[in-house]
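Asker: For reference, the structure I am asking about is given below.
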Amino acid sequence: MSNDRGYYGEFGGAFIPEILVATFDELIRQFRKVKDDPSFWQTYSDLMSNYSCRPTPLTFAENLTRHFGGAKIYIKREDLNHTGAHKANNVMGQGLLVQRMGKTRVIAETGAGQHGVATATMAAKFGFECTIYMGEVDVKRQRPNVFWMEQMGATVIPVTDGTRILKDAINEAFRDWVTNMDNTHYVLGTACGPHPFPEMVSFFQSIIGKEARQQILELEGKLPTRVFACVGGGSNAMGLFSGFPDNSVECVGVEAAGYGLHTGQHASRLCSPDATVGVAQGYKTYFLQNDDGQMKETHSIAAGLDYIGVSPILSRMHQKGEARFESATDKEVIDAVKLTMKKEGIIPALESAHAFAGAFREAAELSSDDIIIINQSGRGDKDIFTIADAFGDPKWREFIKEKALDYK
Amino acid sequence: MLKKYIQKSLKTKEILLMTHIVVGYPSLDASMKIVEEMVKAGVDLIELQIPFSEPMADGPVILKANQKSLELGTTVKGCFEFAQNVSSRFDIPFLFMTYYNILYKYGVQSFVEDMVKVGIKGAIIPDLPPEEGLEYEEAMKSNNLCPIYIFSPTTTDERMRYISSCGKGFIYCMARKGVTGKTTQFSNELDEYFEKCRKNTSLPLAVGFGVKEKADIDYLKGKADIAVIGSQTIRLVDEKGIEAVGDFIKGL
């Protein structure tokens, strides 16, 4: 679907410094080899079933379906992956690739911390040295994930430059890579960045869509009407959407509207007029940037969606009308988490809850013959500190205060 | 144009010196004074970096200068005005250094035409490999400006020849892996690399990344045509003030 330089229409490409050209050539060569080798997919899929609970279930959300009284709602349970998110699919795949390339060290950026934890886990399992770059702001809001990364042997480096969030962690990871590429692979966490990352990450995440398609056909004997996924960088959306290339299935990506699209404090690249095409972090896509081309600050309650760019593959789908993009505000997201917990006993991550919020808006208007699938890309219970804060739960606040006294 | 200037200057000097500033750091006025100090001290070329919010190839020193300059409100338009000022006041070639998004958002063609208007002679765009830069290369060459491309220690012979065919003016050789501003051991181990660079291009060679003292420049004499000092002068301004720049450069 992409050409030799990783273009999807006008989007994508590889805007990399000269020093990394040889490293990318080697990465592309190895990736092509594994992609064309059916035994590699078998190895990968065996590893994922043995280590990460795949195939993940496709859960019928009976109570939510009754609540909205419209389409039948199914939830693809990527939260049940080892480490609690779809990120495991990508890192384990890249881990196998690192083994083949004979490299001994991995680095990664992380926003919410899910990708960092997943990478640290993979590094522990495969015996790689591991360094994780994480914006200082995110280190503060995601301490439990930092704790686990460090316990698994990774070095976590807080990034104090720029806006101190995900994009700055990506820049810093690139700075490490241009120095240490001889023994180091950069495990980019989403379907962004220079070619071949968008294609490669989507390839590993396509396991989501492959399973979901097979599962819904087994359960219902027909394809869904719509499938929903949240969109930060876009890897879980690419994973789900790739299983449903059919014209009859509408793919809906839900971006972070933050405080509301009109406030300017959001992270919606495709469904707001605020983003324009640009080139940064090695690829061409829609970016939230000013007229000079300087990147803007973004906002989302979900650290994993708090990002300036978006997968070039999704930009292309947006342009060609192959997917529809919506957004959900922080507030809608909190309401969606609450409703899903009460009705189904399932806790979506704040990131994933954007997809739920988007689907909930549309479920009632569909008929009982329609089916929708929501991708639950991650679990929320791991983010108890963030979610409890977002809920403003007074009892939790009391608990933290008392707990803090124990450490005095 | 640049190539001729370099060759002519090399008749009277063993090696030329190119320095670098981030426009608007620590302020626009200070940038002007720094350029003045540099020119008075005998610098042969100056890179004017237009700050970018995501300077992926730059190390901590230049990265912070980029951020600070943007915080102070430096704009692309402001950088063009600054370029016009310095190029009309001082009789040495000035180049732009920046990241591709700055050109892309401005419009590559307009950016290049405005470079001509303000008297800038060439540009270094570290995140634009020649394969992605066809529009840029054509616009630059048709306006008689120099697209400066980069050789790195991992670049193959074949690729060096390709890059050389796309570039004009001179080639920028990274002395080592990594980002700007970290230490480089300039020793005979690098001889082979510079010989390889020389063999694969007829353009003059500039060497940068980690050049910071007289010994480094002495080593580069006879191997490179231009020594590039980047982060070190910014460090110097941070620590000792603008006045220290002139003496530092004369000492090289």
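Asker: Cβ under 13 Å from A:Gly13's Cβ, A:Gly13 left aside: what net charge do those residues give with Lys, Arg +1 and Asp, Glu -1?
Answerer: -4
Asker: Restricted to Cα positions, what overall size does the stretch A:299-408 have along the principal axes? Three whole-Å values, descending.
Answerer: Cα extents, longest axis first: 58, 36, 19 Å.
Asker: Each residue of the stretch B:116-129 in turn: what ³J(HN,Hα) in whole Hz from Karplus with 6.51, -1.76, 1.60 and θ = phi - 60°, glycine and Pro shown as x?
Answerer: Those phi angles translate into 4, 4, 8, x, 7, 9, x, 8, 10, 10, x, 9, 10, x Hz.
Asker: Looking at the square roots a ≥ b ≥ c of the eigenvalues of the Cα gyration tensor of the stretch B:129-247, which shape do they give, rounded for a/c under 1.5, prolate if a/b is larger than b/c, or oblate?
Answerer: On the way: a/c = 2.18, a/b = 1.41, b/c = 1.54.
In terms of gyration-tensor shape, oblate.
Asker: Continuing with the same structure: What list of ³J(HN,Hα) values in whole Hz, one per residue of the stretch B:32-37 in order, does the Karplus curve 6.51 cos²θ - 1.76 cosθ + 1.60 (θ = phi - 60°) give from phi, with Gly and Pro shown as x?
Answerer: Values per residue, Gly and Pro as x: 4, 5, 4, 4, 4, 4 Hz.
Asker: Please state the charge dipole magnitude for the protein assembly as shown, taken about the Cα centre, from unit charges on C-beta atoms (+1 on K and R, -1 on D and E), reported in debye and rounded to the nearest 20.
Answerer: Dipole magnitude for the protein assembly as shown comes out near 680 debye.
Asker: Would you mind calculating the relative contact order of the stretch B:15-250 from Cα pairs under 8 angstrom and at least 6 residues apart, reporting the percent as a whole number?
Answerer: This gives 23 percent for the stretch B:15-250.
Asker: List the lysines whose alpha-carbon lies under 17 Å from that of A:Lys382, not counting same-chain residues fewer than 8 positions away?
Answerer: A:Lys87, A:Lys140, A:Lys338
Asker: May I pose another question? Where in the stretch B:153-178 does the amide nitrogen come within less than 14 Å of the point 7 Å from the Cα of A:Ala22, taken along Cα to Cβ?
Answerer: Only B:153-161, B:174-178 pass the distance filter.
Asker: Sticking with this one: Which residues' amide hydrogens lie under 5 Å from the amide hydrogen of B:Gly59, considering only partners 5 or more residues apart or on another chain, with H built in the peptide plane?
Answerer: Here B:Thr180 satisfy the definition.
Asker: List the residues, sorted by chain then number, that are 5 or more residues from A:Arg324 or on another chain and whose placed amide H is less than 5 Å from its amide H.
Answerer: Counting only residues 5 or more places away or on other chains, the set is A:Cys251, A:Val252, A:Gly253.
Asker: Suppose each label sits 7 Å from its Cα in the direction of the beta carbon; what would the A:Lys320-A:Ser248 distance come out to in nanometres?
Answerer: 2.1
Asker: Quick check: pseudo-label points 7 Å beyond the Cα along Cα→Cβ at A:Gln151 and A:Glu220, how many nm apart are they?
Answerer: Between A:Gln151 and A:Glu220, the label points sit 3.9 nm apart.
Asker: Just to verify a number: FRET efficiency for A:Cys53 and A:Lys395, C-beta to C-beta distance, R0 = 45 Å, to 0.05?
Answerer: Numbers: r = 32 Å, r/R0 = 0.71.
So, using R0 = 45 Å, E works out to roughly 0.90.
Asker: Can you classify chain A as rounded, prolate or oblate using the Cα gyration tensor, where a ≥ b ≥ c are the square roots of its eigenvalues, rounded means a/c under 1.5, and otherwise it's prolate if a/b beats b/c and oblate if not?
Answerer: rounded
Asker: Any idea how far apart B:Gln84 and B:Thr183 come out in nm if each label point goes 7 Å out from Cα toward Cβ?
Answerer: 4.5
Asker: Report, in whole Å, the centroid distance computed from the Cα atoms of the stretch A:318-335 and the stretch A:113-137.
Answerer: Here the answer is 29 Å between Cα centres.
Asker: When only Cα pairs under 8 Å and 6 or more residues apart are kept, what is the percent relative contact order across the stretch B:33-143?
Answerer: About 29 percent, as a whole number.
Asker: List the relative contact order of chain A as a percent without decimals, with contacts defined as Cα pairs under 8 Å and 6+ residues apart. Please report the intermediate quantities before stating the final value.
Answerer: Values: 862 pairs, mean separation 81.2, N = 408.
Rounded, it is 20 percent for chain A.
Asker: While we're here: To check you understand DSSP bridge types, tell me what percent of the beta bridges within the stretch A:99-163 (both residues inside) are antiparallel, rounded to 5.
Answerer: Taking every DSSP beta bridge within the stretch A:99-163, about 0 percent pair in antiparallel fashion.
Asker: Length gain on complete extension for the stretch A:Asp406 to A:Arg100, per 0.36 nm per residue less the alpha carbon to alpha carbon distance?
Answerer: Contour length minus the Cα-Cα distance gives 105.4 nm.
Asker: Convex hull over the Cα atoms of the stretch A:166-298, averaged projected area in nm²?
Answerer: Details: hull surface 39.6 nm².
Computed as one quarter of the Cα hull surface, the answer is 9.9 nm².
Asker: Note down the net charge around A:Met200, summing +1 for each Lys or Arg and -1 for each Asp or Glu among other residues with Cβ under 11 Å from its Cβ. Walk me through the numbers on the way to the answer.
Answerer: On the way: positive: A:Arg32, A:Lys35; negative: A:Glu199.
Overall, the nearby charge balance is +1.
Asker: Same structure, new question: Could you tell me what percent of the DSSP beta bridges with both partners in the protein assembly as shown are antiparallel, to the nearest 5?
Answerer: Values: 15 of 77 bridges.
Here the antiparallel bridges make up roughly 20 percent for the protein assembly as shown.
Asker: Excluding residues fewer than 8 places away in the same chain, name every one of the lysines whose C-alpha is closer than 20 Å to that of B:Lys240.
Answerer: B:Lys33, B:Lys40, B:Lys64, B:Lys68, B:Lys182, B:Lys212, B:Lys214, B:Lys250
Asker: If amide hydrogens are placed 1.01 Å from N in the peptide plane, which non-local residues have theirs closer than 5 Å to the one on B:Glu47?
Answerer: B:Thr19, B:His20, B:Ile21, B:Leu95
Asker: Which of the lysines could a cross-linker bridge to B:Lys11, judged by Cα under 17 Å and excluding same-chain residues fewer than eight apart?
Answerer: Filter leaves B:Lys3, B:Lys221, B:Lys223.
Asker: Given axes a ≥ b ≥ c from the Cα gyration tensor, I'd like to know whether the stretch B:173-236 is rounded (a/c under 1.5), prolate (a/b larger than b/c) or oblate.
Answerer: Taking the square roots of the gyration eigenvalues as a ≥ b ≥ c, the stretch B:173-236 is prolate.
Asker: Right, something else. Taking the Cα atoms of the stretch B:15-250 alone, what are Rg (to one decimal) and Dmax (as a whole number) in Å?
Answerer: 16.5, 45
Asker: Moving to a separate point now. Per the helix-only calculation at 222 nm, which mean residue ellipticity applies to the protein assembly as shown, given -39500 (n - 2.57) for every DSSP H run of n ≥ 4 and division by its residues, nearest 500 deg cm²/dmol? Each step should come with its number before you reach the end.
Answerer: Numbers: 27 runs with 302 residues, N = 660.
Value at 222 nm, helices only: -14000 deg cm²/dmol.
Asker: Could you compute the FRET efficiency for B:Lys68 and A:Gln265, with r as their C-beta to C-beta distance and R0 at 30 Å, rounded to 0.05?
Answerer: 0.80
Asker: Right, here's the next one. Would you mind finding the longest exposed-site-free stretch of chain A, with exposed GluC sites (Glu not before Pro) meaning DSSP loop and at most 15 other Cβ atoms within 10 Å?
Answerer: A:11-296
Asker: Only helices at least 27 Å long along their own axis, judged from Cα atoms, and with Kyte-Doolittle mean hydropathy of -0.5 or greater: name those in chain A from DSSP H. Mind dumping the intermediate values first?
Answerer: Working: long enough: A:197-220 (34 Å, 0.04).
Qualifying helices, which must be both long enough and hydrophobic enough, are A:197-220.
A short reminder: the numbers here are calculations on the coordinates, not readings from a lab. Treat the numbers as computed from the prediction; the structure is a model and nothing was measured. Cβ sites come from the backbone with ideal geometry, for glycine too, and all protein chains shown count toward neighbours.
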